[in-house]
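**Student:** To start, I am sharing the structure in question, which I have written as structure tokens.
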Amino acid sequence: MTFDELVAEGEAMPLAGWDFSWFEGRASEERPPWGYAGLLGERMARAKVALDVQTGGGEVVASIPKPPARLAATEAWPPNAIVAQRNLDPMGGRVARAAEDTLPFRDGTFDLVTSRHPVVAAWPEISRVLAPGGTYFSQQVGAGSNQELIDFMMGPQPVSQARSPRRAVEQAEATGLEVVDLREAALRVEFGDVGAVVHFLRKVLWTVPDFSAERYRERLLQLHQRIQAEGPFVAHSYRFLIEARKREPG
């Protein structure tokens, strides 16, 4: 395919949901060694009342073998919320449309709150809706993820530590949670064609916040030429797993 055809294909792909199967054979990301979905399934099976925050299209939660007796989820983007409700309906889940930093539930409602790759971790809200002894379990995007791609598109950019594991621990503890598990991983990412880059930057929109294929056409053309000459563009993502428990009173 030509450069223009690849870009057009990347622009035409729908963005609703959090399904990355389209990238198969065109882009890849190494998976963290701990296996989030399996660990999530174990915790959901033990929970009575659970909440998945910023669920996307609900795909990860929908894959668990045994849902809790009561399951809720939140999602801010209306198209994703529609997909998530469809995916969680078979297990009795209910999706609330809510901003990333707001959880529209009463204090102490849930014994388990989960989130995979949240845009923001609203620690005060997470702590508020957890029952005493309840657990927050999350896989998050670490500081500096895909920095090689960011720098290629935008020029050298400072790496914010707002998403660092250390910062997450500090925020959790400040809201009365005790961190009981913390794991980190650096993972290889490969982009095999510029169409995959376009779709990725449209879908994961905080990577290059002002991205559009038209605005970044010259950089995309340079990236296309580099891939053609050298093979896949390599970047690295960073993930951390954090599990925190709400302390019992007294």
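The values are calculated or read from the model by the stated rules, or taken from the named source; none is laboratory data. Because the structure is predicted, anything quoted here is derived from the model rather than measured. Methodologically, a virtual Cβ is constructed for each residue, glycine included, from the backbone with ideal geometry; neighbour enumeration extends over all protein chains shown. Side chains are part of the model used for accessible areas, which takes the heavy atoms of the whole protein and leaves out ligands, DNA and RNA. Shrake-Rupley method; radii C 1.70, N 1.55, O 1.52, S 1.80 Å.
**Student:** What's the percent breakdown of Cα-Cα distances in segment 102-163 across 5 Å bins, shortest bin first?
**Tutor:** It works out to 4, 16, 21, 17, 12, 10, 9, 7, 5, 0, in whole percents.
**Student:** Please report, in cubic angstrom per residue, the volume enclosed by the convex hull of the alpha-carbon atoms of segment 14-124.
**Tutor:** Normalising the Cα hull of segment 14-124 by residue number yields 113 Å³.
**Student:** With a 1.4 Å probe and all protein chains kept in place, how much accessible area does residue 206 have, in Å² rounded to the nearest 10?
**Tutor:** Accessible surface of residue 206 is approximately 100 Å².
**Student:** Rg/Rh for segment 117-250: what does it come to with C-alpha atoms and Rh from Kirkwood?
**Tutor:** For segment 117-250, the value is 1.10.
**Student:** Tell me the label-point distance for the pair residue 48, residue 182, using the 7 Å Cα-to-Cβ offset, in nm and rounded to one decimal.
**Tutor:** Each label point is offset 7 Å from its Cα along the Cβ direction, giving 3.1 nm.
**Student:** Keeping the other protein chains in place, figure out the carbon and sulfur percent of the accessible area of the chain, with a 1.4 Å probe. Let's see the in-between values first.
**Tutor:** Working: 6150 of 12040 Å².
Whole-percent figure for carbon plus sulfur exposure: 51.
**Student:** Spin-label point model (7 Å from Cα, Cβ direction): what's the residue 225 to residue 21 distance in nm?
**Tutor:** Result for the modelled spin labels: 3.8 nm.
**Student:** What do the square roots of 5 times the Cα gyration tensor eigenvalues come to for segment 197-250, in whole Å, largest first, as semi-axes of the equivalent ellipsoid?
**Tutor:** 38, 16, 6
**Student:** Can I ask one more? Hey, which aspartates and glutamates would be in cross-link range of residue 48, C-alpha to C-alpha under 13 Å, not counting anything within fewer than 8 residues on its own chain?
**Tutor:** Candidates past the 8-residue exclusion: 111.
**Student:** Can you work out the accessible area per residue across segment 161-204, with the rest of the protein chains kept in place, probe 1.4 Å, in square angstrom?
**Tutor:** That works out to 43 Å² per residue.
**Student:** Next question. Let me know the longest stretch in the chain that avoids all GluC sites (Glu not before Pro) found in a DSSP loop with at most 13 other C-beta atoms within 10 Å.
**Tutor:** 25-213
**Student:** In addition: With every protein chain left in place, what is the accessible area per residue of segment 36-133 in square angstrom, probe 1.4 Å?
**Tutor:** Dividing the accessible area of segment 36-133 by its residue count gives 44 Å².
**Student:** Next question. Taking R0 as 25 Å, what FRET efficiency do you get between residue 69 and residue 107 from their Cβ-Cβ distance, rounded to the nearest 0.05?
**Tutor:** With R0 = 25 Å, the Cβ-Cβ based efficiency is 0.80.
**Student:** Working from the pairwise distances between different alpha carbons, so that the mean of 1/r is found and then inverted, what is the chain's Kirkwood radius in Å?
**Tutor:** 19.2 Å
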